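What follows is a set of notes on a single structure, which appears directly below.
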Amino acid sequence: MAKKISSDAVHEPINSASPEVRQIIQRVLEIEKDRLDKNERSPINDEILKIIKEAIQ
Amino acid sequence: MKLLALKLCNFRPFYGEHSLTLAKSDERNITVIHGNNGSGKTALLNAFTWALYEKFTAALASPEQLVNRRAIAEAKVDKPVPCWVEVSFEHDGKQYRVKRECRAYRKKDGSVEQAKSELMMQFVGDDGRWTFLPSSQMPEDVITRILPKSLHQYFFFDGERIENITRTDNRSEIAEATKKLLGVEVLDRAIKHLTTARKTLEEELEGIGDAETQSLLAQKRKLEQEAEQLQDRQLEIDQELEHQTTRRQQLRQKQLELTEVEGLQMQLNTLEEQEREIREKIQQSKKTLKRAISNRGYIVFLPKVATEFRSLIREREERGELPADIKQKFVQDLLDRQKCICGTELHEGSTACTSVKSWLERSGLSEVESATYRIEARVNELESQIDDFWQEVDREQASINHNKGTLERIQDDLEDIRDQLRHSPREDIRELQKRLDEVDAAIDRLTTEKGANQEKIANLELQAGRLGKQLKESRSNEKRQKLAVKRIEAAQEAIDRLKLVKENRDEVFRKQLEQQIEELYGQISFKAYLPRLSDRYELSLVEVAGKQDVLVGASTGENQILSLSFIGSVIERVRQWSKAGLVMGPDSSTFPVVMDSPFGNLDEIYRRQVARLVPLLANQLVVMASQTQWRGEVEQEMQPRIGREYVLTFNSPKSDCEEASIKRYGQVYPLVRQSPNEFEYTEILEVERQDG
């Protein structure tokens with residue numbers, strides 16, 4: 001079936017996630033956007049691991 | 001990006017230093033630069049592209065000669081001649097200055113040596129002072145974040161060649177550029193980095209997990225590695241396919257140039273186009289068929305169930321349970337009134353009352369009744385659709401078969417022509433066809449491999465997903481292990497959800513962009529063509545014949561309008577999406593358009609429409625126009641929005657040069673005049689506007 005999605009529904013997969021997963025997604029997107037603006041290419045694995053570990057305890 | 005000013009020094013025909021301030025207010029956002037042919041309009045367009053991207057447009061002759069000839073001629077031997085362009089712009093409330101400079105040296109033997117260009121960037125820092133970019137950052141990177149290099153040709157372009165944007169062989173380029181503008185990079189990076197983090201978490205789990213967990217993890221990793229290798233291969237295949245496709249186009253171009261085979265070439269082109277169309281039709285039919293089967297296929301299995309259903313109803317009817325002739329409410333009312341319709345008193349516990357009460361149960365059937373008859377009506381309706389369903393299936397099947405037959409014939413004809421070329425008496429033609437055959441075989445092989453890999457990857461991912469579930473369900477009681485599994489699971493869920501967001505955005509953006517292009521194109525063109533944007537963001541013009549889209553061979557003018565509509569639509573959509581917070585990436589909601597020689601091949605009506613619409617779409621417009629291009633309708637439409645105006649005065653050393661001038665607001669400005677020395681060069685004069 002063809003999918004019909006409204007603009008509002010674009011981010012529905014984020015909004016419908018559990019609070020923990022939503023927190024992970026939002027924080028990861030934030031640092032990625034920040035790095036994109038500053039054009040940083042250094043590894044960020046530790047930062048992301050920290051985000052996940054903080055969200056799920 | 002809002003352009004503020006352009007400064008030039010010894011760049012191309014511009015001797016010495018010149019500067020232009022650009023119109024930037026919302027109401028008056030047009031800067032017009034008048035100039036005759038050869039006076040430096042294209043050089044000005046290229047001043048922007050060189051300074052910002054070190055790129056030149058196709059219309060610029062000898063791009064390697066950047067430094068003004070007079071400046072070089074006047075310079076001392078081996079002394080540097082400066083040549084630079086500085087573009088000032090504003091972005092996100094911050095001012096920037098970008099300066100690209102290259103030095104040239106006149107050698108003793110009269111030759112000119114030009115050094116590599118250097119790019120510098122300054123911006124107004126938080127303290128309000130101009131500051132150089134820190135050495136850790138490259139100016140190129142900053143610019144490309146604001147207005148990507150790969151997209152520059154959509155904002156700085158030659159109006160006479162604008163149709164190239166939508167040419168078939170540029171389709172994949174335009175698709176890539178569009179995706180970039182929509183800022184998918186943040187999502188891609190997030191998905192990639194979360195995947196790496198998930199792997200690290202799995203490694204940690206392996207360190208603390210029990211034997212079962214370790215074994216599951218090892219299996220999962222193996223599957224994922226296999227999938228990754230295949231993904232890498234897919235990328236290689238894509239590159240190789242692109243390379244082969246370009247090669248094919250080049251070979252076909254050569255084939256076309258060999259006039260002797262021109263007749264065959266025309267046939268080849270027509271047949272190949274037909275082949276493509278027929279393939280599309282077959283795909284379309286298959287899609288329709290799939291949709292019909294998945295939405296309504298089940299109804300063909302209904303008759304057996306329907307018969308059972310009807311016999312059930314009949315049984316009930318025979319038992320007198322249907323139709324229910326008495327309503328529950330009616331019986332309840334009698335009981336409440338304690339009096340039957342025959343007048344008998346209905347006292348609690350009396351025989352009459354018990355008898356009437358028993359009707360309550362039977363009367364409950366009235367709901368069953370209405371439900372039953374509703375279902376029956378639906379069943380009848382569905383049954384009546386069975387014929388329609390089969391008819392549609394037959395029709396699409398017949399269409400597929402018919403088209404397959406046609407395809408076979410076309411392919412036979414194509415093969416015949418290729419055979420003729422293969423056996424041509426001319427060696428170059430034979431050789432060319434041989435190479436084309438090789439390329440075709442390679443494309444075929446790659447496409448098949450790609451499809452097979454796709455299936456393998458999907459399968460591997462499915463298996464890895466199952467192992468992930470098993471991990472989750474493993475019965476370990478160890479707290480640390482449980483937590484680790486939970487984290488892995490959360491990371492995976494975040495990845496999956498981000499992938500969904502990416503898909504959604506793709507879908508929404510493409511649909512809305514297509515609509516916008518259609519709307520804009522419809523406003524300008526009087527042809528009943530419709531622009532279409534494919535799943536892969538490929539742009540084409542179609543005509544709707546019956547229910548089918550048929551590709552049209554549009555004229556240069558139509559393609560120019562399509563290209564302009566595309567640019568305008570991208571600008572408009574990105575602006576809207578940015579406002580809605582849907583663009584994840586650098587803020588890019590303000591776009592300039594710098595356009596040389598606008599609307600070269602358009603008729604009067606089109607010129608007027610385009611002249612009216614472009615300034616509304618772009619936030620800012622810089623137009624370089626000759627007097628013929630700046631004709632009545634263009635001037636009429638643009639005049640109210642002009643904020644700045646300049647004239648390029650070309651100084652010609654020719655003694656018999658034909659002088660020319662332009663009159664603006666009652667004042668005469670020279671376009672061409674006799675040079676006071678032996679050099680030809682261009683000066684920039686600002687027009688004093690008197691319309692506010």
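The values are calculated or read from the model by the stated rules, or taken from the named source; none is laboratory data. As the structure is a computational prediction, the values presented were derived from the model and not from experiment. Glycine also receives a Cβ, built like all others from the backbone with ideal geometry; neighbour counts cover every protein chain displayed. In case anyone asks, the SASA skips ligands and DNA or RNA and just uses the protein heavy atoms, side chains included. Shrake-Rupley method; radii C 1.70, N 1.55, O 1.52, S 1.80 Å.
Expressed as an acute angle from 0 to 90° and rounded to the nearest 10, what is the orientation of the C-alpha long axis of helix B:262-296 relative to the principal long axis of chain B?
Approximately 30 degrees, to the nearest ten.
Compute the acute angle (0 to 90°) between the alpha-carbon long axis of helix B:41-53 and the principal axis of greatest extent of the alpha-carbon atoms of chain B; round to the nearest 10°.
With rounding to tens, the tilt is 60 degrees.
Label-point separation (nm) for A:SER42 and B:GLU449, each offset 7 Å from Cα along Cα-to-Cβ?
4.0
Tally the DSSP beta bridges in the protein assembly as shown and give the antiparallel ones as a percent, rounded to 5.
About 70 percent, rounded to the nearest 5.
Kindly state, to the nearest 0.05, the FRET efficiency for B:ASP535 paired with B:GLU658, given R0 = 60 Å and r defined as their beta-carbon distance.
0.65
For the cross-link pairs A:LYS53/B:LYS220; B:LYS290/B:LYS456; B:LYS7/B:LYS579; B:LYS220/B:LYS482, which exceed 29 Å when the distance is taken from alpha carbon to alpha carbon? Walk me through the numbers on the way to the answer.
Details: A:LYS53/B:LYS220 22 Å; B:LYS290/B:LYS456 23 Å; B:LYS7/B:LYS579 32 Å; B:LYS220/B:LYS482 18 Å.
Correct reply: B:LYS7/B:LYS579.
I want to make sure I understand the PRE zone here: with the label point 7 angstrom from the Cα of B:ASP387 toward its beta carbon, which residues in region B:295-309 have backbone N atoms less than 18 Å away?
Once the point is set 7 Å along Cα→Cβ of B:ASP387, B:299-304 turn out to lie under 18 Å by backbone N, inside region B:295-309.
Relative contact order for region B:299-383 using alpha-carbon pairs under 8 Å, separation at least 6, rounded to a whole percent? Intermediate values should be presented prior to the final figure.
Details: 59 pairs, mean separation 32.4, N = 85.
That works out to 38 percent.
Would you please calculate the Kirkwood hydrodynamic radius of the protein assembly as shown over all C-alpha pairs and express it in Å, rounded to one decimal?
Working: mean 1/r = 0.0308 Å⁻¹.
In the protein assembly as shown this quantity evaluates to 32.5 Å.
List the residues, sorted by chain then number, that are 5 or more residues from B:PHE156 or on another chain and whose placed amide H is less than 5 Å from its amide H.
Here the answer is B:VAL594, since their amide H atoms fall under 5 Å of that of B:PHE156.
Using only Cα atoms, tell me the angle between helix B:328-337 and the longest principal axis of chain B; keep it within 0 to 90° and round to the nearest 10.
The angle comes out at about 60 degrees.
Of the accessible area of region B:299-383, with the probe set at 1.4 angstrom, what percent is carbon plus sulfur?
56
Rounded if a/c is under 1.5, else prolate if a/b beats b/c, else oblate: with a ≥ b ≥ c from the C-alpha gyration tensor eigenvalues square-rooted, which is chain B?
Prolate, since a/c reaches 1.5 and a/b exceeds b/c.
Output ³J(HN,Hα) for region B:192-205: one whole-Hz value per residue in order, computed from phi by the Karplus curve 6.51 cos²θ - 1.76 cosθ + 1.60 with θ = phi - 60°, and x for Gly and Pro.
5, 6, 5, 5, 4, 4, 4, 5, 4, 4, 5, 4, 4, 5
Can you list the trypsin sites (Lys or Arg not before Pro) in region B:513-544 that are in a DSSP coil and have 13 or fewer other beta carbons within 10 angstrom?
Passing sites in region B:513-544 are B:ARG536.
At B:GLN253 and B:GLU345, where each label point lies 7 Å from the Cα along Cα→Cβ, what is the point-to-point distance in nanometres?
10.8
Give the value in nm², to one decimal: projected area of the alpha carbon convex hull of region B:248-299, averaged over all directions.
4.4
Once you sort the root eigenvalues of the Cα gyration tensor of region B:299-383 as a ≥ b ≥ c, which label holds: rounded (a/c under 1.5), prolate (a/b larger than b/c) or oblate (the other case)? Before the final figure, lay out the partial values.
Working: a/c = 4.76, a/b = 3.21, b/c = 1.48.
Here region B:299-383 falls in the prolate category.
Which residues' amide hydrogens lie under 5 Å from the amide hydrogen of B:GLU645, considering only partners 5 or more residues apart or on another chain, with H built in the peptide plane?
Residues meeting the criterion, in which the H sits 1.01 Å from N, are B:VAL32, B:VAL687.
Enter the mean number of other protein chain beta carbons within 10 Å of the beta carbon of each residue in B:198-206, as an integer.
Per-residue shielding by partner chains comes out at 2.
Which FRET efficiency value, to the nearest 0.05, is calculated for B:HIS423 and B:THR270 with the Förster distance at 22 angstrom and r the Cβ-Cβ distance?
Working: r = 21 Å, r/R0 = 0.97.
After rounding to 0.05, the efficiency reads 0.55.
Mind checking how much accessible area B and A bury in total, 1.4 Å probe, in Å² rounded to 100?
3300
Please say if region B:437-538 is rounded, prolate or oblate, where rounded means a/c under 1.5 for a ≥ b ≥ c the square roots of the C-alpha gyration tensor eigenvalues, and otherwise the choice is prolate for a/b larger than b/c and oblate otherwise? Provide the component values of the computation, followed by the final result.
On the way: a/c = 5.96, a/b = 1.77, b/c = 3.36.
Since a/c reaches 1.5 but b/c is at least a/b, the shape of region B:437-538 is classed as oblate.
Calculate, in nm to one decimal, what B:ASN295 and B:LEU230 gain on full extension: separation in residues at 0.36 nm each, minus their alpha carbon distance.
This chain segment gains 20.0 nm when fully extended.
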